[in-house]
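Report on the following structure.
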Amino acid sequence: MAGALLAAALVKPMRSRMRSTTLQAANKRPTNVWQPGRCRAAKLPEITVPRIRLPHILEDDHLILCKWRNSKEFQNLCSQSTRSVTNEEFRRELKASFWRDRHWQCMIRNHKRTAIGTIFSYNYSSRDGYCYVTIYLSPEHRALGAGPIAFINFAMMLFDELALYKIYIDIHEYNVAVLNIARRAGLSAEGQFKGNRVLNGRRYDTFRFALYRERAEYLMKRFAISDRSERTFEGAYS
């Protein structure tokens, strides 16, 4: 489920010190923030760091999200679906995902504000203090270091705002590069589900990793991502 999690991540340390993380303040929600309908409201920070932004989903984002969702790569790495949908079908599908188990979702944009991926949490348990995260980066942007920055900042936001104990990430056996990255990053291996995923008529295992707050803080320091910030929130839906 982790998709292109930390793609090309943790292979090279950041060469320059990241400036302090800043969260964009807004007194009211922009009129073009997408509202998925009957789902719970959430206080979702819009995160900006020097190389990427994690803004809310806007109406204009549906076309690129639908394009990614229909790609074979996204379906193999991040989805249970294997069929393509129209844009209208995708909008209904996304609303249903939020109604069912999706929690928070952001776009990932580069410094030019180009959409390069998306990241979302799901299956949030307030009782037990965990959730799952999936991240997807478009292939042409995976070597630029946006994956680890987006993932770590999103994870720290979840730890801070929800007081989570841990965050789960599922990675399929055939996603060898990402499996190696997760292990090198020191994520805790917490499960292996035999034959859990079918691809091209063959069954593959799914590995479950967990990120704990202390490890996330270590990774922030490793990549020189400052956690000093003043956080203010927009009214947003997720």
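Each value in this text was obtained by applying a stated rule to the coordinates, not by laboratory testing. Please read these numbers as outputs of a predicted model, since none were measured by experiment. Cβ placement follows ideal geometry from the backbone for every residue including glycine, while neighbour counts extend to all protein chains displayed.
Arrange TRP104, TRP99 by Cβ neighbour counts within 10 Å, fewest through most, would you?
Lowest count first: TRP99, TRP104.
Restricting attention to the range 100-132, which trypsin sites (Lys or Arg not before Pro) occupy a DSSP loop and are surrounded by at most 16 other Cβ atoms within 10 Å?
Loop-located and lightly packed - LYS112, ARG113, ARG127.
Quick check on my link table: of LYS72/LYS194; LYS112/LYS194; LYS166/LYS221; LYS95/LYS166; LYS72/LYS221, which ones sit more than 30 Å apart, alpha carbon to alpha carbon?
LYS112/LYS194; LYS72/LYS221
Can you sort SER71, SER188 from fewest to most other Cβ atoms within 10 Å of each residue's own Cβ?
With the fewest neighbours first, SER71, SER188 line up as SER188, SER71.
Sorting GLU217, GLU93, GLU173 on the 10 Å Cβ count, fewest up front, what's the list?
GLU93, GLU217, GLU173
Of all beta bridges DSSP finds with both residues in the range 79-228, what is the antiparallel percent, to the nearest 5?
Among the beta bridges of the range 79-228, antiparallel pairing accounts for roughly 90 percent.
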